[in-house]
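Structure record follows, encoded as structure tokens.
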Amino acid sequence: PVSAVAASAPAPASQPSPHSPAGMLPLVAGLLLAVVAGGRGSAMGDQESPPGSRFVCTSLPLDAAGAGCPLPPVPMQGGALPPEEELKATVLQLRETVLQQKETIGSQREAIRELTGKLSRCEGADGKSTAGTWKKELGRGKDTMGDLPRDPAQVIDQLSRTMQTLKDRLESLEHQLRANVSYAALPNDLREMLQRRLGDLERQLLSKVAELEDEKSLLHNETSAHRQKTETALNALLERVSELEKGNLAFKSPDEFKVSLPLRTNYLYGKIKKTLPELYAFTVCLWLRSSASPGIGTPFSYAIPGQANEIVLIEWGNNPIELLINDKVAQLPLFISDGKWHHICITWTTRDGMWEAFQDGEKLGTGENLAPWHPIKPGGVLILGQEQDTVGGRFDATQAFVGEMSQFNIWDRVLKAEDIMNIANCSTNMPGNIIPWVDNNVDVFGGATKWPVETCEERLLDL
């Protein structure tokens, strides 16, 4: 039988340590030659040797030294070069060392794979016969494969750690190199350029701060002016509220009030102190707001002895609004029960009993033969909010007005359509020459109240 035996002597002191990447090369090479020789003998035995041939695999002993692979010394140049150049040279040398270690690891991996294959052949040759022979050789105390070196996977892992250590040292040196390059070592041109840049940035910063200060000053001035306007408006509102809180009878002008009749009863009403003279024509205008149903009731009525319905404006039940003169009736095309302010004007003349009806300045209807040639009798009573069955009394709750009214004025003539439009759109103030709307001419009874009224423009917005 063919056998391959490889012996190794202790490494001389001048050679590298067997645990270092460089010292492991002769050991791996010797082991490779021993196994290759055994492989060749095996191949020859397969061709020429008798069937009883066998393999004897002998290991090469290893001197266990340290656990790690020490790093090779890095040659450093003398002090002829500056520190920065020395660091750069050291970095380059370390990079070359890392590349060499990578190549060494690659070659050792190939050798390990080949050795593993050879060992498998040694262990598997002739099946049980080879295994029994191996055990016998072990019993005789020969140097067999039982003394194998460490696991190949451990060798690879140790070499990988060595390479990582070299990388860490390389990064540390690069950081030191960058830290040692100080501002003083920069070229003069670069230093001047940096100084110019810093000066420009400083000037830009100061300019921006000045702009912000100017904007802050302008904003402060605008805020002060706005605050002053707001305070003025608030003071005006407070004065207005104070005036309104003084009482229902405190009005700035005689016509800035309204009469409120909130309930459908027979005892809430207002009364005009003045009476009417004998009239052959008249115009009655007023602002009113009501949402009562059915019908708004009676906004006003004028009664004389012997005729309770001398002049009446009424909307009773589901009937349309009606104008009664001397108990004669005309239906008016007015629609005012929507809860909004409306301006109403009615004109009449005894000549042919001609009448006109205006709502919010617009003429909506006209007619004739309403008590023609009948003059309005003087000396009667004018009531707001109730229909009179006798002079000044016998009110019917079902005919009572529910809502608010203001600016009740009466003229002794037929006003022009242009004048009525101007009154309705708040462009003119024209009090009635017979009955003007003034506070001291209106009394309220039964819980009816007088309140400050919305301005004419506010009533227009409510339309």
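The values are calculated or read from the model by the stated rules, or taken from the named source; none is laboratory data. Keep in mind that this is a model prediction, so the values were computed, not measured. All Cβ positions, even for glycine, are placed from backbone atoms using ideal geometry, and neighbour counts span all protein chains on display.
Results for (1) buried (at least 16 other Cβ atoms within 10 Å of the Cβ); (2) among the charged types (D, E, K, R); (3) modelled with pLDDT of 85 or more, shown as yes or no for each residue.
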{"position": "LEU244", "(1), (2), (3)": "no, no, no"}
{"position": "LEU249", "(1), (2), (3)": "no, no, no"}
{"position": "LYS271", "(1), (2), (3)": "yes, yes, yes"}
{"position": "PHE282", "(1), (2), (3)": "yes, no, yes"}
{"position": "LEU286", "(1), (2), (3)": "yes, no, yes"}
{"position": "GLY297", "(1), (2), (3)": "yes, no, yes"}
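Applying the selection to the range 269-299, what residues are closer than 25 Å to ARG351 by Cα and part of a strand (DSSP E or B)?
The first filter runs over the range 269-299 and keeps only residues closer than 25 Å to ARG351 by Cα, leaving 275-286.
Selection gives LEU279, ALA281, PHE282, THR283, VAL284, CYS285, LEU286.
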**Report entry** Residue in the range 409-463 that is nearest to the chain's Cα centre (by Cα), counting only those that are among the charged types (D, E, K, R), surrounded by 14 or more Cβ atoms within 10 Å (Cβ to Cβ) and assigned to a helix (DSSP H, G or I)
**Finding:** ARG459
Requested in this report: Filter the range 382-408 down to the residues that are surrounded by fewer than 22 Cβ atoms within 10 Å (Cβ to Cβ) and of a type in the set (D, E, K, R), then identify the one that is nearest to THR265 (Cα to Cα).
Outcome: ASP396
